[in-house]
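To start, the structure under review is shown below, and the notes come after it.
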């Protein structure tokens, strides 16, 4: 699957972010929205010179919410960002590198302890900001694998994740590229109404009906 998608699309150069902090902010803001909206929100922070932990920490939730408004659900996402910053202030003295230097299991537990950060967001931070060999699973992953008979309707996040981590080398670069290619495939072809005749995975068999 990886080879087919890479040959078709080429490298995706993910994650779009200049710093670890920008990647983390983007991972939280991209929940339930598209990346173009996230880019607008991050640009707002950059233009105001606020894309640093100390500057973000100084903002109120309402001030931050207005700045990230283009990302949608801005009040909720502002609280989630502030929750993470509170963790960084209380346990790591606003030193992001100290957090990212934690052992993978510890880092994941710390991220999941933050109200508003679930497995997909935590794993995105682990893979793209901390560069750990953790495979990110999203709705596209489930849809593509289910349609090709590789997983069931009720397969949960961790079962899907194990399907990749148990059969691939622990390589952050591979996991990075593979997840990006899956997202690209989901957006371009494996939609709710799939474009199977154009998909690079079309020879894998028919796609069953359903979303």
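The values are calculated or read from the model by the stated rules, or taken from the named source; none is laboratory data. Not measured: the values here are computed from a predicted model. As a convention, Cβ positions derive from the backbone with ideal geometry for all residues, glycine included, and neighbour counts pool all protein chains shown.
Within region 192-205, being surrounded by fewer than 13 Cβ atoms within 10 Å (Cβ to Cβ) and not in a helix (DSSP H, G or I) holds for 192, 193, 195, 197, 198, 205.
For (1) without any contact (Cβ under 8 Å) to a residue 12 or more places away in the chain; (2) in contact with a helix residue (DSSP H, G or I) (Cβ under 6 Å, 6 or more places away or on another chain); (3) in a helix (DSSP H, G or I); (4) not assigned by TED's automatic domain parsing to the domain that holds residue 122, each residue gets a yes or a no:
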| site | (1), (2), (3), (4) |
| --- | --- |
| 7 | no, no, yes, yes |
| 27 | no, yes, yes, no |
| 62 | no, no, yes, no |
| 66 | yes, no, yes, no |
| 78 | no, yes, yes, no |
| 83 | no, no, yes, no |
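Whenever a residue of region 88-110 is under 18 Å from residue 124 (Cα atoms), it has no partner that is surrounded by fewer than 15 Cβ atoms within 10 Å (Cβ to Cβ) lying with C-beta atoms less than 6 angstrom away and at least six residues away or across chains.
A quick yes/no check of all residues on (1) part of a helix (DSSP H, G or I); (2) crowded, with 16+ Cβ neighbours inside 10 Å; (3) touching a strand residue (DSSP E or B) at 6+ places or on another chain (Cβ under 6 Å):
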| site | (1), (2), (3) |
| --- | --- |
| 105 | yes, no, no |
| 122 | yes, yes, no |
| 125 | yes, yes, no |
| 132 | no, yes, no |
| 170 | no, no, no |
| 179 | yes, yes, no |
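Taking region 152-167 as the range and being part of a loop (DSSP other than H, G, I, E, B) and surrounded by 15 or more Cβ atoms within 10 Å (Cβ to Cβ) as the test, only 155 passes.
For the residues 50, 29, 43, the requirement of being over 22 Å from residue 120 (Cβ atoms) and crowded, with 16+ Cβ neighbours inside 10 Å singles out 50.
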